[in-house]
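Colleague: Take a look at the following structure, please.
The values are calculated or read from the model by the stated rules, or taken from the named source; none is laboratory data. Keep in mind that what you see is a predicted model, and the values were worked out from it rather than measured. Just the protein is used for accessible areas: all its heavy atoms, side chains included, with ligands, DNA and RNA removed. Shrake-Rupley method; radii C 1.70, N 1.55, O 1.52, S 1.80 Å.
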Amino acid sequence: MSYRFTRALARTPGTTFARGLTSAAFGAPDLEKTLAQHRAYLAALKEAGLDVTLLDADDALPDSTFVEDTAVVAGGRAIVTRPGAESRKGETAAIRSALGKYFDALAAIEAPGTLDGGDVCESDGRVYVGISHRTNRSGAEQLAAWLKQAGIHTAFVDIRDLVTILHLKSGMSYAGDGIFVVDEALRSRLPLNGAEVIVPAADEAYGANCVRVNDVLFLASGYPRLQAELEKRSMRVVTLDMSEYRKMDGGLSCLSIRF
Ligand code: CIR
């Protein structure tokens, strides 16, 4: 199963968090609230049964709390990415040494490839990789070749023209039990092979970035119609306030690497 995990890696937001990259127009994040939301997120992961490794903040890297972009774990192996944004390339060093404790051999995306983990959506039996303004074709192809060694198939999805979707997973998630949550803008370009799809209403599209961890589905709070759709399908939904991360274009999945 693609959502059975025992561990997660996360990183405390630094005091420079508000200086990270963003295209959102929701104002500057409040640091105290950002930290409180991070604590609640970690507590929820632990409650779901995960052993959480927390890395120290690094004020020189404002986006470094978005650890998901720096590594991909699949098929029991890990690959360190090469983030597409220049200001984020330095984030991988700490992640490489942290993951090195759990994986014998770490692979890496090499130049000229770039890849952000937020563009990688694993489902049961297939991984979807977004070609975005952060992940280029070389990065996606390197990832696909690495996944193929483990017998995992990849489908590429070009999202470069979708201005509201930074990373593939900003607009889609695999909720488990054969169910995807997909932003309307993405739906027609995904080969989902007849899987069940929930499309959030336009004003609840941010909720498409949800995370299944074992028996629980984490959903950003404030999306009641999407929550009801998920609960109707017997999902155990836990909501988390993500308001400050949303201001920096981040979502629920970005704050951890689960394995
Ligand atoms: C960035 O623009 O890179 C960060 N401010 C947000 C990254 C969000 N990560 C993700 O969706 N996986």
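Colleague: Have a look at the DSSP beta bridges in the chain and tell me what percent are antiparallel, nearest 5.
Modeller: Values: 18 of 40 bridges.
Roughly 45 percent of the beta bridges in the chain run antiparallel, per DSSP.
Colleague: Determine the order of Arg7, Arg236, Arg160, Arg258 by accessible area, beginning with the largest, at a probe radius of 1.4 Å. Could the numbers behind the result be given before it?
Modeller: On the way: Arg7 70, Arg236 150, Arg160 120, Arg258 35 Å².
Of Arg7, Arg236, Arg160, Arg258, the descending order of accessible area is Arg236, Arg160, Arg7, Arg258.
Colleague: In square angstrom, rounded to the nearest 10, how much accessible surface does Met248 have for a 1.4 Å probe?
Modeller: 10
Colleague: Over segment 181-259, one equal point on each Cα, no solvent: what is log10 I(q)/I(0) by the Debye formula at q = 0.27 Å⁻¹?
Modeller: After summing over all Cα pairs, the log10 values are -1.44.
Colleague: Rolling a 1.4 angstrom probe over the protein chains, ignoring ligands and nucleic acids, what is the accessible area of His153 in square angstrom, nearest 10?
Modeller: My reading of the accessible area for His153 is about 120 Å².
Colleague: Where the accessible area of the chain is counted over protein heavy atoms with a 1.4 Å probe, how much of it, in %, is carbon and sulfur? If you can, show how the numbers build up before the last one.
Modeller: Details: 5430 of 10930 Å².
So the carbon and sulfur contribution to the accessible surface is 50 percent.
Colleague: With every protein chain present, what is the per residue accessible area of the chain (1.4 Å probe, Å²)?
Modeller: 42
Colleague: If you don't mind, there's one more thing I want to ask. Quick check on segment 146-222: take the gyration tensor over C-alpha atoms, sort the square-rooted eigenvalues as a ≥ b ≥ c, and tell me if it's rounded (a/c under 1.5), prolate or oblate. Intermediate results must be reported in sequence, preceding the final value.
Modeller: Details: a/c = 1.71, a/b = 1.18, b/c = 1.45.
The shape class here is oblate.
Colleague: On to the next question. For Lys46, list the lysines whose Cα falls under 23 Å from its own Cα; do not include residues on the same chain fewer than 8 positions away.
Modeller: Of all the lysines, those that pass the test against Lys46 - Cα under 23 Å, at least 8 places apart if same chain - are Lys33, Lys101, Lys169.
Colleague: Using Cα pairs closer than 8 Å and at least 6 residues apart in sequence, work out the relative contact order for the chain, in percent. Walk me through the numbers on the way to the answer.
Modeller: On the way: 536 pairs, mean separation 59.4, N = 259.
Contact order relative to length: 23 percent.
Colleague: Which value, in nm² and rounded to one decimal, describes the direction-averaged projected area of the C-alpha convex hull of the chain? Present the calculation step by step, with values, prior to reporting the outcome.
Modeller: On the way: hull surface 48.3 nm².
Reported value for the Cα convex hull: 12.1 nm².
Colleague: Within the P(r) computed for segment 2-41, what percentage of the Cα pairs occupies the region above 13 Å?
Modeller: On the way: 491 of 780 pairs.
Above the 13 Å cut-off, segment 2-41 has 63 percent of its Cα pairs.
Colleague: While we're looking at this one, here's another question. Solvent-accessible area of Ser132, probe 1.4 Å, all protein chains present, reported in Å² to the nearest ten, please.
Modeller: For Ser132, solvent-accessible area is about 10 Å².
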